[in-house]
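All remarks here apply to the structure that follows.
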Ligand code: HEM
């Protein structure tokens, strides 16, 4: 037998051990939830879809059942495909699943102070407590006048500029949250305030999308690449400055109002006054404002854009909803939130839009701060956990014809599910669109009232018809058309929106004029172009009402 030196033996043993260890990377241990086959070292990295991951995740859910896992090199992703799995993993085990994965670039851009992305811990708790103060059910009643007034402008805008419907929904959602949070409203989407907000949201959207930055959270060494070889770093630095300047200005506006005695009671003014008591610094206040206005605006506008697209493509739903509204509300006034309890079909339309086109089809990922077990599967510490909202809402075991827009399903069953499904088991299903556990959306009450109010009002006010080309041919909308974003917003589309009658048009314009008492409270800092816009809008509305 050939002899080898002890040195060579040790080296060989280390090398073999190293190779064995390396090959273990990317491998799925047998006690993890099942999932697609892995490759050595990289695991399922090559399988991870770079765009619209929810569609691939839904296919995997069908194949692997209530929970599956993906190996991302050394890391693990766990995906929850039933309301029961979500309830256990995110609600029952909420103390160990309230963390977020690393999100290095986003936390860099937002100075590690963005409520939605920071790690679970004392800073998160302070920010979340402050956010809950303005967003709990009771506090939300104070925001209703703003929501009614902005909804009045949304309807007015749709009367005057129907072809801009897509952007007008965004204006509505942005103006509501900007008024509540920073005390400054957005009268038109061309205003500087609106452009800055949309840019900041687009920045974060760009940065969360896989492929736009290297996988730093998996391979931290990417952080050290010099900026001259890493364009994404330049984008991050520019974006960081943009975000800071924008929110610093807004907080400055609140400080000035407080100093001048012209405060309008917005959230940030309150926080500035109670800084010591709440333990928040000016810096924390700035980014808390950001964490509220960006998702607050994007979520609500996504719902409204999807609503209009689904109504456009389903005229029989419009007809049924209008019959209900005409019976319950009539044509002498606009619907209010008090009417909703008597409008089951409107409620069903709202539920069905949320089901078919949920904002954030995979929610925001959580992270496990400790290892635990679910149904004999091991969920390792530091695994990233997704709620597969899209797959659950399109599950054929739960919903009849899940890809069909059919609000009636909610008239025959409170959760819209098949008769043989035990609804006690899945009572959390409707709220999954807002996430779950300790990180559940703090803006859900505000968001819910905005979207249901405008569902009723848009249906009460307008006929939504297919638009025509100049040659008279009908433009067929594509109801499957989505933006390649993480939010499930439809791509911009054309339609013909018309007030249902002159009487409806008059009532809308009158409501808009009345709303100006509320909206003017949030117009102290308006730029000249925006003041001019509001003056002209008043004149046009008066023209409709009084002539
Ligand atoms: C239709 C309306 C809305 C939908 C569907 C929605 C959906 C969501 C979802 C899915 C999450 C992730 C929850 C999780 O991690 O499990 C979330 C988080 C969040 N949402 Fe919303 N949202 C809506 C409205 C709003 C509004 C109006 C605001 C603010 C005014 C807001 C502020 C936030 C914040 C700050 C977080 C992060 C919470 C945390 O990490 O602690 N959202 N939202």
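We did not get these values from a lab; they are worked out from the coordinates using the rules stated. Computed from a predicted model, the values in this text were never measured in an experiment. Counting neighbours? That spans all protein chains shown, and the Cβs are built from the backbone with ideal geometry, glycine included.
Couple of notes before you dig in:
- All-pairs alpha carbon distance profile, the stretch 47-175, 5 Å steps from 0, percent: 2, 8, 10, 12, 13, 14, 15, 14, 8, 3, 0, 0
- For the stretch 6-546, the Cα-based Rg and Dmax, in that order, read 24.9, 101 Å.
- The chain: angle of helix 53-64 to the longest principal axis, Cα-based, in degrees nearest 10: 60 degrees
- Among 527, 444, 286, a tally of other beta-carbon atoms within 10 Å of each Cβ gives an order, fewest to most, of 527, 444, 286.
- When each of 82, 313 is scored by the number of other beta-carbon atoms lying within 10 Å, the sequence from fewest to most is 313, 82.
- In this calculation the C-beta distance from residue 231 to residue 532 is compared with R0 = 35 Å, giving a FRET efficiency of 0.30.
- Computed [θ] at 222 nm, helices only, for the chain once each DSSP H run of length n ≥ 4 contributes -39500 (n - 2.57): -16500 deg cm²/dmol
- Placing R0 at 56 angstrom, the Cβ-Cβ distance between residue 404 and residue 514 gives a FRET efficiency of 0.90 after rounding to 0.05.
- Each DSSP beta bridge with both residues in the chain is either parallel or antiparallel, and the antiparallel ones are about 85%.
- Taking only Cα atoms of the stretch 172-220, radius of gyration then Dmax in Å: 14.9, 44
- Principal-axis tilt of helix 165-182 within the chain, Cα atoms, nearest 10 degrees: 80 degrees
- Ranked by the mean number of other Cβ atoms within 10 Å of their residues, highest first, the peptides 149-160, 25-36 fall in the order 149-160, 25-36.
- When 297, 367 are sorted by how many other C-beta atoms sit within 10 angstrom of their C-beta, beginning with the fewest, the order is 367, 297.
- Figure legend: label point modelled 7 angstrom from the Cα of residue 206 along Cα→Cβ; residues of the stretch 78-113 with amide N under 16 Å from it are 105-110.
- In degrees, nearest ten, helix 344-356 long axis to first principal axis of the chain (Cα): 30 degrees
- Relative contact order of the chain, defined on C-alpha pairs under 8 angstrom at six or more residues apart (%): 22 percent
- Approximating the spin labels as points 7 Å out from Cα along Cα→Cβ, the residue 498-to-residue 425 distance works out to 4.9 nm.
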